Amino acid sequence: MNIQKELRYAVLGGGSWATAIAKILLLNLSQINWYMRRPEQIKEFKNIGRNPSYLSGVNFDVNRINFTSNINQVVQNSDVLIIATPSPFLKNHLKKLNRRLDKKIIVSAIKGIIPDENIIVSEYFHQFYNVPMEQLAVLSGPCHAEEVALERTSYLTIACKNRDTARMLAEKMTNNFVQTYTSDDVYGIEFSSVMKNIYAIATGICHGLKYGDNFQAVLVSNAIQETKRFCNAVNPYHRDLEESVYLGDLLVTAYSKFSRNRTFGTMIGKGYSVKSAQIEMEMIAEGYYGTKCIHEINEHFHVNMPILDAVYGILYKQKLPAKTMKELTLKLA
């Protein structure tokens, strides 16, 4: 693909992260395409000039946004597709797709994994839609949508095998409050972004059980070690997990009040059932799905992952949170 021409950018998704990405893009682009599944959300957005459901304090110039609820239309009219839909719903969104994707640049802003297939999003587009790896990118980093809305200093990383493409995308995502870096560690960054949600659920469970900061620090330091062991087993690569795209993303998700995965875990620790916590949150906690997927993947690699195993036991085996976390305290160092 010739990346010298002026490319047309699209955001796919109607949630808070999609809204934050659109805000970032419109600081550097004259217009964007934006796919939302629900036509009524688009209609209200146009009427009031902001997303009625998420980050509703952010105002948009709707004249610079080409909205559509037709996924084929947005694909046809765009060169770069930034996908920010929850991973459990991605396949359902793509069911109506009848356009080819192999000439597009696909950017996954999904910090999740594809259920059933148990593969990361970039690999899913590579295997099922024949998108070359050089045209697949991952957007990650310690960057909550809520803080983007407030224009607080934030950091992103674009990972792509084609470093020129990564730099081009990073340029469009950089402004006076967002600093964007590049990498070619697509697999490591995508897997670690899945796993940090799992560990945020663990910190939330412990918070709900009234564990203190001392244990939380040990839990998170062990979590980055688990991430390193798993990523090195699944995709051996010289990566520094102390960089912000790995460790920073884990820290903000584990500790932030904006973290839906930590919130979900806190509710579990306080005695909510998984189902009741999901219903009350009204938002997707990606770590719930990621826990099962990573656990099943690890059945092939046998990496020592006691925190993952504990969260999996609580969420999927109905193990008691208090007893399970007490047992976990004896396995960490």
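When N261 is tested against (1) in a helix (DSSP H, G or I); (2) surrounded by fewer than 18 Cβ atoms within 10 Å (Cβ to Cβ), exactly one condition is not met: (2).
Could you identify the single residue in K323, K275, K292 that is of a type in the set (K, R), farther than 29 Å from Y54 by Cβ, in the same structural domain as V194 (by TED's automatic domain parsing) and assigned to a helix (DSSP H, G or I)?
It is K323.
Checking each residue in the range 209-258 for being closer than 13 Å to G188 by Cα, of a type in the set (D, E, K, R) and not in a helix (DSSP H, G or I) picks out R239, D240, E242, E243. For Q135, the conditions (1) without any contact (Cβ under 8 Å) to a residue 12 or more places away in the chain; (2) in contact with a Cys (Cβ under 9 Å, 6 or more places away or on another chain) are fulfilled apart from (1). Pairing residues of the range 77-96 that are assigned to a loop (DSSP other than H, G, I, E, B) with residues that are crowded, with 23+ Cβ neighbours inside 10 Å and of a type in the set (V, I, T), at Cβ distances under 7 Å and at least 6 apart in sequence or on separate chains, gives D79/I105; A84/V11; A84/I21; A84/I110; T85/I110.
For the range 55-71, the count of residues that are closer than 19 Å to A166 by Cα and in contact with a strand residue (DSSP E or B) (Cβ under 9 Å, 6 or more places away or on another chain) is zero.
Residue-wise test of (1) of a type in the set (G, A, S); (2) surrounded by 20 or more Cβ atoms within 10 Å (Cβ to Cβ); (3) under 16 Å from A149 (Cα atoms).
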| residue | (1), (2), (3) |
| --- | --- |
| R8 | no, no, no |
| R37 | no, no, no |
| I42 | no, yes, no |
| P52 | no, no, yes |
| D61 | no, no, yes |
| V75 | no, yes, no |
| H93 | no, no, no |
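Counting the residues of the range 277-297 that are crowded, with 19+ Cβ neighbours inside 10 Å and touching a Leu at 6+ places or on another chain (Cβ under 8 Å) gives 4. Here S56 fits the description: surrounded by fewer than 21 Cβ atoms within 10 Å (Cβ to Cβ), under 22 Å from the mean Cα position of the chain (by Cα) and without any contact (Cβ under 8 Å) to a residue 60 or more places away in the chain.
Scanning the range 107-116 finds one or more residues that are surrounded by fewer than 19 Cβ atoms within 10 Å (Cβ to Cβ), farther than 26 Å from E6 by Cβ and not acidic (D, E). Close contacts from the range 168-179, counting a first residue that is within 14 Å of E6 (Cβ to Cβ) and of a type in the set (A, V, I, L, M, F, W, C) and a second that is at pLDDT below 95 and surrounded by fewer than 19 Cβ atoms within 10 Å (Cβ to Cβ), with Cβ to Cβ under 9 Å and a gap of 6+ residues or different chains, come to M168/I3.
If I filter the range 147-164 down to residues being crowded, with 16+ Cβ neighbours inside 10 Å and of a type outside the set (A, V, I, L, M), which single residue comes out as nearest to S16 (Cα to Cα)?
Just the residues of the range 147-164 that are crowded, with 16+ Cβ neighbours inside 10 Å, to begin with: 147-149, 154-162.
Remaining after also requiring of a type outside the set (A, V, I, L, M): 147, 154-155, 157, 160-162.
Working: E147: 11, S154: 16, Y155: 17, T157: 19, C160: 24, K161: 28, N162: 28 Å.
Across the range 147-164, the extreme among qualifying residues is E147.
The values are calculated or read from the model by the stated rules, or taken from the named source; none is laboratory data. Source: prediction; values computed, not measured. Glycine gets a Cβ as well: all are built from the backbone with ideal geometry, and neighbour counts include every protein chain shown.
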